[in-house]
Amino acid sequence: MTDLSKYFEGITLAEPLKKRGMGNPLMTQRLGADPYVIWHEERLYVYMTGDVVEYDEDGKLLDNSYSKINTLNVISSADLVNWTDHGYILAAGEHGAAKWGGNSWAPAIVRKDNKFYIYFANSGNGIGVLSSDSPTGPFIDPLGKALITRGGTPNCMDVKWLFDPAVLVDNDGRAYIYFGGGVPDGMAANPGTGRMAELGADMISLASDPVVLEAPYLYEDAGINKINGVYYYSYCTNFDVDDAGREKFGIENGEIAYMTSTEPLGNYEFKGSICKNPEFYFGTGGNNHHCIFELKGKYYIAYHAFLLQDRLGLKGCYRATHIDYLNVDDKGVIHPSVYTEKGVEPIANLNPYTDTSAVTIGTMAGLVPQYTAQGEMSLSGIKTGSWLTVYGADFGNVSPKKFIACVKPPQTGFGVIQVNAGEKAAAYLEIKADDSGKFIELTADLTATATGINDITFVFYGEDYEFDYWRFE
């Protein structure tokens with residue numbers, strides 16, 4: 001029997017963009033901005049603007065114009081530390097569901113009557129809606145046109161940026177949408193570009209004309225939550241906060257601030273700042289987009305920042321999504337919170353005895369998730385020294401005996417996966433050449449015991465094979 005451990009002696013591991021043990025950014029395989037979340041069947045789904053890195057014809061890096069974005073990225077997690085990549089939603093453009101739109105920015109998702117609705121911005125010129133029976137799609141465009149437009153929706157003609165929707169389905173089943181932004185010349189203190197309206201029962205129409213939501217120093221980024229019967233509207237302040245604004249409201253440029261009301265479309269009263277601009281925490285700043293959510297008795301804030309951009313050597317407002325705790329006291333007051341690289345603690349342990357997608361990732365290096373022919377996701381781009389870690393697998397008191405993986409073997413050569421449970425190499429899976437192009441299950445006996453809670457790290461040798469899912473038995 002071949003000693004497969006010899007292939008891992010002295011190999012150089014790929015450098016990660018997120019260190020082991022760090023939670024932010026949530027994913028490093030691609031960018032993702034303007035996060036919005038939904039909790040469904042014990043998983044948190046995160047939807048993001050699919051930032052596209054832009055270059056000119058000579059290959060020079062350009063600032064993010066946002067004009068090439070027409071997809072929405074989706075990931076999900078049962079524990080908030082390991083994230084399964086579901087790929088992207090083709091939202092706008094000729095290949096997207098909403099062919100009338102050129103762009104898809106800032107998704108907001110809700111579920112009502114067993115159907116999922118994504119509201120998205122067609123750049124700054126209107127808001128569309130997509131629907132699906134599944135949180136990961138496929139999504140369709142039920143209207144075939146925008147839901148909200150500058151010329152076709154009352155009281156929206158003077159909204160400078162008709163974008164950044166947030167949606168709330170209330171306890172009585174009625175739903176509300178909040179949107180808008182931009183700063184007209186000379187109106188930084190009171191831009192008047194926020195809007196709110198009731199959605200129709202069908203979720204693809206408006207039941208009321210939009211009305212102005214007065215938010216001091218509004219820039220963009222609507223957020224809406226209901227906490228203990230009170231409605232919380234949150235937003236990003238603009239970049240023209242003056243001394244009067246600082247003194248009266250205690251805010252700075254590009255912060256997340258919040259207001260409250262006792263009615264969903266009522267008069268909102270300014271309360272305070274929640275988080276500073278990402279620049280304050282990480283050194284690089286830009287627009288500041290967020291989503292507040294509650295889960296299992298704790299409050300969180302999802303937001304985008306620029307750590308991944310900086311580590312990729314990029315500049316130009318390319319964003320990646322993070323999650324941190326939000327400090328909400330028992331009286332409903334939101335206290336200033338912080339953005340961190342560490343992120344949040346897991347809310348559950350990973351079960352290693354069920355099939356787990358290979359694109360479920362705590363952190364990794366040297367790998368590329370991609371669609372398989374079945375429309376699912378697999379890991380590709382595998383090379384010697386690439387690796388992946390998932391956090392907090394609970395093996396229980398009795399060690400498994402086998403490791404099973406579904407892979408598509410290389411057509412020539414071979415590969416080996418070293419499976420580490422904690423600090424120990426627990427198994428070696430050999431992958432022999434197979435020119436069929438099909439995914440197959442392979443099994444390896446464990447060479448060391450694995451009990452209790454351990455991080456699992458897969459280290460890869462060889463190349464030109466793909467990894468679909470894994471489990472222990």
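Rule-based calculations on the coordinates, nothing more; no lab input. Source: prediction; values computed, not measured. Virtual Cβ from ideal backbone geometry, glycine too; neighbours counted across all protein chains shown.
A few points about this structure:
- Order of V419, V338 - criterion: other Cβ atoms within 10 Å of each residue's Cβ, fewest first: V338, V419
- Going from the residue with the fewest nearby Cβ atoms within 10 Å to the one with the most, T193, T28 rank T28, T193.
- Net charge contributed by nearby residues that have their C-beta within less than 12 Å of G192 (K/R +1, D/E -1): 0
- Cα-based reach from K112 at 27 Å (exclusive), listing lysines while leaving out same-chain residues under 8 positions away: K99, K145, K226, K296, K298
- Magnitude of the charge dipole for the chain, about its Cα centre and with charges confined to Cβ atoms of Lys, Arg (+1) and Asp, Glu (-1), is about 400 debye.
- Here's the picture: charge each Lys and Arg Cβ at +1 and each Asp and Glu Cβ at -1 in the chain, and of Y235, G50, F270 the one pushed furthest to the positive end of that dipole is G50.
- Two-decimal Rg/Rh across region 133-212, once Rg and the Kirkwood Rh are taken from alpha-carbon atoms: 1.02
- Projected area averaged over orientations for region 356-472, convex hull of C-alpha atoms, nm²: 6.4
- Footprinting exposure proxy for V230, V416 (fewest neighbouring C-beta atoms within 10 Å first): V230, V416
- Applying the criteria of a DSSP loop state and at most 12 other Cβ atoms within 10 Å to the GluC sites (Glu not before Pro) of region 395-449 yields E423.
- Equivalent ellipsoid dimensions for region 33-101 as semi-axes, Å, which come from the Cα gyration tensor, largest first: 27, 16, 9
- Coil-residue GluC sites (Glu not before Pro) of region 1-107, DSSP, other Cβ within 10 Å capped at 10: E9, E41, E42, E57, E94
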